[in-house]
Amino acid sequence: QRICSADKEEKKTPDPTPQDLPFFFFLLLHSFLRSLHCFATREYNPTQYSKTRSHAVKMKGRDIVAVLGLMLVVAVVVNVAEGDPDTVTKVKMVKGKKMCDKGWECKGWSIYCCNDTITDYFQTYQFENLFSKRNSPVAHAVGFWDYKSFITAASLFEHLGFGTTGLKTMKMKEIAAFLAHVGSKTSCGYGVATGGPFAWGLCFNREMSPSQSYCDDSYKYTYPCAPGAEYYGRGALPIYWNYNYGAAGEALKEDLLNHPEYIEQNATLAFEAAIWRWMTPIKKSQPSAHDAFVGNWKPTKNDTLSKRGPGFGTTMNILYGDFLCGKGDVDSMNNIISHYLYYLDLMGVGREEAGPHEVLSCAEQVAFNPATSPSTASS
């Protein structure tokens, strides 16, 4: 005679610990499978059970409960199996400050890892909306850029505050600001382009017709040009010149000085280099674009006299200097601002959160690092 576990006397077992949960759910799944098998194959004893319609309904109902229970257990087991232990938020207090570690996306004890991370508020569909034409047949980097590459790169900087500083609106504004620079610098959109001029960001991953090799021999003792290497613009925030490839390579632990082509071969690395540039000051006494945007930077009296203050406009000053700023309302500057406002709208923040024109613009700002020659540009 078949004996089902449901007919046996229940045995007392200790409560499972967190470490036992996968095994516990396996046992629970096994129990449901046996129960379901019993309900499906049990021969009803006419002396024990009434052969009435109501009893048949009861048995069907019991079978349905068993199936639903099985589905629930399977769902839980799948979640446990797919769960990454590195995604568990760890918390500790360090000198009175709450510090967190969220695993792969915000790894390393940091106050910023206690906040929402980028994937909490910026999803794949938003990335696709911002760069909707990047894989059009006429684009020059079809299939290269994607959301996963951006998030993977961003995860290396979130513990430093990239996209994790301030309240949700500030976080979203920073991502919009950073990507506005990226979109404007990699766009192949024009006023008559399908979808509008701001839908064509990430159309390029390299300079198409470089006019020179961008080798500056004055850096031959620190960042000597590699034989045959070409240091033309590549990446999400295009890198130019041997010394910029060398500095980025040192920071990212990649041999970009000898292999600048890595940037146009790996989208994650290309985003890493761009975010590193966003997070890193040109000089130690100056702010990074990140610090200037989120308000970590406090302007000096000289900054105020030079009309430099926290906000989007100063990020352009830091990244491009007097190639863009201090020249009035030039088209190249306004194009970046327009991308930023457009992205704020698409992300659901709204351009009204961008602030007044003097915060958005660097038209009247004095450059932090006036250029003495074309090779002194940071990008």
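Give the residue, chosen from Gly195, Gly163, that is assigned to a loop (DSSP other than H, G, I, E, B) and crowded, with 24+ Cβ neighbours inside 10 Å. It would help to see each step written out before you state the result.
Details: Gly195 fails: crowded, with 24+ Cβ neighbours inside 10 Å.
On inspection, the qualifying residue turns out to be Gly163.
Of a type outside the set (Val, Ile, Thr), modelled with pLDDT under 95 and more than 20 Å from Leu319 (Cα to Cα): is that true of Ser218 in this structure?
On the way: of a type outside the set (Val, Ile, Thr): yes; modelled with pLDDT under 95: no; more than 20 Å from Leu319 (Cα to Cα): yes.
The answer is no for Ser218.
Quick check on the stretch 119-138. Is at least one of its residues surrounded by fewer than 23 Cβ atoms within 10 Å (Cβ to Cβ), touching a helix residue (DSSP H, G or I) at 6+ places or on another chain (Cβ under 9 Å), aromatic (Phe, Trp, Tyr) and closer than 23 Å to Gly295 by Cα?
yes
Please determine whether any residue of the stretch 174-184 is surrounded by fewer than 17 Cβ atoms within 10 Å (Cβ to Cβ), part of a helix (DSSP H, G or I) and on the phi < 0 side of the Ramachandran plot.
no
Those residues that are of a type outside the set (Gly, Ala, Ser) and farther than 13 Å from Trp278 by Cβ, I need them from the stretch 144-162; list them, please.
Within the stretch 144-162, the subset of a type outside the set (Gly, Ala, Ser) is 144-148, 150-152, 156-160, 162.
Residues satisfying the conditions are Phe144, Trp145, Asp146, Tyr147, Lys148, Ile151, Thr152, His159.
Taking the stretch 103-128 as the search range and keeping residues that are part of a loop (DSSP other than H, G, I, E, B) and among the β-branched types (Val, Ile, Thr), which one is farthest from the chain's Cα centre (by Cα)?
Let us first name the residues in the stretch 103-128 that are part of a loop (DSSP other than H, G, I, E, B), namely 106-109, 111, 115-117, 122-123.
Applying the additional criterion that residues be among the β-branched types (Val, Ile, Thr) yields 111, 117.
Details: Ile111: 18, Thr117: 8 Å.
Out of the qualifying residues, it is Ile111.
Please determine whether any residue of the stretch 211-219 is closer than 20 Å to Gln126 by Cα and surrounded by 23 or more Cβ atoms within 10 Å (Cβ to Cβ). Give the derivation first.
Let us first name the residues in the stretch 211-219 that are closer than 20 Å to Gln126 by Cα, namely none.
Within the stretch 211-219, not a single residue is closer than 20 Å to Gln126 by Cα and surrounded by 23 or more Cβ atoms within 10 Å (Cβ to Cβ).
What is the number of the single condition among (1) surrounded by 16 or more Cβ atoms within 10 Å (Cβ to Cβ); (2) at pLDDT 95 or above; (3) part of a helix (DSSP H, G or I) that Leu156 does not meet?
Looking at each condition in turn, Leu156 falls short on (3).
Could you please find all residues in the stretch 340-363 being part of a loop (DSSP other than H, G, I, E, B) and closer than 13 Å to Leu179 by Cα?
Applying the first criterion (part of a loop (DSSP other than H, G, I, E, B)) to the stretch 340-363 yields 347-350, 355-356, 361-363.
Matches in the stretch 340-363: Met347 only.
Output the residues belonging to the stretch 246-304 that are under 18 Å from the mean Cα position of the chain (by Cα) and assigned to a loop (DSSP other than H, G, I, E, B).
Across the stretch 246-304, the qualifying residues are Asn266, Thr280.
The values are calculated or read from the model by the stated rules, or taken from the named source; none is laboratory data. Just so you know, these numbers come straight off a predicted model, no measurement behind them. Glycine gets a Cβ as well: all are built from the backbone with ideal geometry, and neighbour counts include every protein chain shown.
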